[in-house]
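Heads up, the thing below is written out as structure tokens.
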Amino acid sequence: MKIAIFLIPIISAFIGWFTNWIAIKMLFHPKKPVRLLGISFHGIFPKRQKQFAEKLGKLVSQELLSFTDIEQKIADPKNIEMLMPYVETHIDHFLRVKLAEEMPMISMFIGDKTINQMKAVFIKELGELFPLIMQNYMGQLEKELDLEKIVINKVSGFSSDKLEEILQSIMSKEFRFVEIIGGVLGFLIGLLQVFLTLMS
């Protein structure tokens, strides 16, 4: 009898672990509705996939990836300044090589000093023009590209297996922790039951 009492914490730990394991499995399974004894069972994520996709779409478009943030980053003077060496190289090549090929007569009257002056003017003008171009481009892109709709369609289109794979890869440690906590709490409750039984 006393040996059976000391098995209680082990049994309670197993029950605690098992119930949490079942609860986690029920987040994803069954992937399609199953009726049993008049009750419909359906995994939480497969059942709520559309709502999950809509919430995620709004979160991405409004909080995580706004066109305003992208525009500010692209039009940042520091980022434009980083591009200028590439632009300058291209302009230099154009004035020295392509212009000579396309318009040889004009290139005959353009020396290094003139090329450098023209290059400086072009660079200054482009430095002022780039932010305006980026702002106009991003404004147009925002009208044409609906981030929220794209995310909703992508997530809604995931198969149940793909959705489970993604969430498991993100939260596998947390799920394992929940299972272990269930076992630990079950064991502690079992110890309390043994203590109360022995004290009575």
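The numbers here are math on the coordinates, done by the rules we state, and not lab data. Treat the numbers as computed from the prediction; the structure is a model and nothing was measured. Every residue, glycine among them, receives a Cβ derived from its backbone with ideal geometry; neighbour counts consider all protein chains shown.
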Worksheet item: Taking N as the number of residues in the chain, what value does Rg over Cα atoms divided by 2.2 N^0.38 Å take?
Response: 2.00
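What does the extension gain come out to for T68 and K143, with contour length at 0.36 nm per residue minus their alpha carbon separation?
Details: separation 75, 0.36 × 75 = 27.00 nm, distance 1.25 nm.
So the chain would gain 25.8 nm between T68 and K143.
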Discussion item. Which residue fluctuates most in the GNM of the chain (Cα springs below 10 Å): E54, E71, E102?
Written reply: E102
Worksheet item: For the pair V34 and E165, what calculated FRET efficiency results from E = 1/(1 + (r/R0)^6), where r is the Cβ-Cβ distance and R0 = 22 Å, to the nearest 0.05?
Response: 0.55
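What number, in percent, do you get for the relative contact order of the chain if the mean sequence gap of Cα pairs under 8 Å and at least 6 apart is divided by its residue count?
Values: 156 pairs, mean separation 94.6, N = 200.
Averaging sequence separation for qualifying contacts and normalising by length gives 47 percent for the chain.
Give me the extension gain from M108 to K78: residue separation times 0.36 nm, minus the current Cα-Cα distance, reported in nm with one decimal. Intermediate results must be reported in sequence, preceding the final value.
Working: separation 30, 0.36 × 30 = 10.80 nm, distance 3.66 nm.
So the chain would gain 7.1 nm between M108 and K78.
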Worksheet, complete the sentence: Comparing L95, L59, L132 in a Gaussian network model of the chain (Cα, 10 Å), the one with the largest mean-square fluctuation is L95
